[in-house]
Each structure stands twice: as structure tokens, then as C-alpha cells.
Amino acid sequence: MRTKKIIFISSYPKSGNTWLRCIICALLNNQNGKFHFDDLIKIGLFSRESHFKHFKDLQYQKNGNLNFNFLSNHWIKAQQKINSENNKIKFFKTHSIRKISNRCFTDESVCLGYIYII
């Protein structure tokens with residue numbers, strides 16, 4: 001069984017992330033290689049609440065988003081949980097670089113690959 005199954009697609013906003021997600025979705029989700037907009041949801045943001053809801057004491061900002069310090073303290077643990085859930089490779093969209101505020105967003109123990117769009 002594969003232990004690392006996460007591949008991040010990272011870019012600056014408006015630099016081709018969605019375009020690359022469309023290509024990957026067409027290749028992986030459709031036998032004829034045609035893209036369907038509904039498939040884009042299969043490569044979503046890693047930092048959404050559903051990947052962190054199993055942690056106790058979720059912390060939120062005043063605007064309703066998850067607190068950055070809470071998220072960054074649980075990035076690797078959340079990825080470990082995702083890797084343990086099934087044996088499929090999982091792509092995630094992000095606009096984050098690998099290291100933010102001296103904290104690693106991901107590392108070699110949980111991440112199979114990282115695609116940077118420059």
C-alpha cells in the first residue's frame with residue numbers, strides 16, 4: 001500500500017492552476033479524455049474545513065475562516081489522515097508555497113509530489 005498519496009498543484013493566482021487541474025481531471029476522470037467542469041471539484045483546496053474537522057477545538061477567525069495558526073499546526077497531521085483514508089492518489093490545489101512563516105505546509109513524509117506553476 002502506498003503511504004504517500006498527495007500531490008499539490010501550486011501557483012500564484014491567475015497563473016494556470018485551474019488550466020492544469022482541467023487537464024489532470026480530463027486525463028484521470030474520463031476514459032475519453034474530455035474535460036467536464038463538474039470534475040474540477042475533485043481537485044479542491046486542501047485548507048478547507050472538511051480536512052480539519054476531526055481535530056478537537058477547531059479555531060476560527062472573526063470572519064468565519066479557520067484560524068491560520070490552528071491550520072498550520074495541523075497541516076501535516078491532516079495530510080497523514082488523508083493518506084490513511086484510501087489508496088488513491090489525491091491532488092489538491094493551493095496558492096501556498098511549501099514553507100509559510102517558518103512552518104512547512106507539507107513535507108516528504110506525507111507528500112508524493114508538488115507541482116509548481118511558474
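Listing for the model above:
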quantity: Local electrostatic count, Lys42, Cβ distance below 10 Å [Lys/Arg +1, Asp/Glu -1]; calculated: 0
quantity: Per residue solvent-accessible surface (Å²) - region 11-114, probe of 1.4 Å; calculated: 67 Å²
quantity: Prolate/oblate/rounded label for region 1-54 (Cα gyration tensor, a/c 1.5); calculated: oblate
quantity: The chain, helix-only ellipticity at 222 nm - DSSP H runs n ≥ 4, -39,500 (n - 2.57), divided by all residues, nearest 500; calculated: -8500 deg cm²/dmol
quantity: Sulfur and carbon atoms: percent of accessible area, the chain [1.4 Å]; calculated: 54 percent
quantity: Distribution of pairwise C-alpha distances over region 1-111, 5 Å bins, in %; calculated: 2, 11, 20, 21, 21, 15, 7, 3, 1, 0
quantity: Amide H contacts under 5 Å for Gly44, placed H, 5+ residues apart; calculated: Lys93
quantity: Largest to smallest accessible area among Leu28, Leu112, Leu58 [probe 1.4 Å]; calculated: Leu28, Leu112, Leu58
quantity: Relative contact order (percent, whole number), region 1-54, Cα cutoff 8 Å, 6+ residue spacing; calculated: 23 percent
quantity: Cα-centre dipole for the chain with unit charges at Cβ (Lys and Arg positive, Asp and Glu negative), debye to 20; calculated: 80 debye
quantity: Selection of trypsin sites (Lys or Arg not before Pro), region 1-104, meeting DSSP coil and at most 13 other Cβ within 10 Å; calculated: Arg2, Lys14, Lys34, Arg48, Lys53, Lys56, Lys62, Lys88
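The values are calculated or read from the model by the stated rules, or taken from the named source; none is laboratory data. Since the structure is predicted, the reported quantities are computational estimates derived from the model, not experimental observations. Every residue, glycine among them, receives a Cβ derived from its backbone with ideal geometry; neighbour counts consider all protein chains shown. Please note that ligands, DNA and RNA were not included when accessible areas were found on the heavy atoms of the full protein model with its side chains. Shrake-Rupley method; radii C 1.70, N 1.55, O 1.52, S 1.80 Å.
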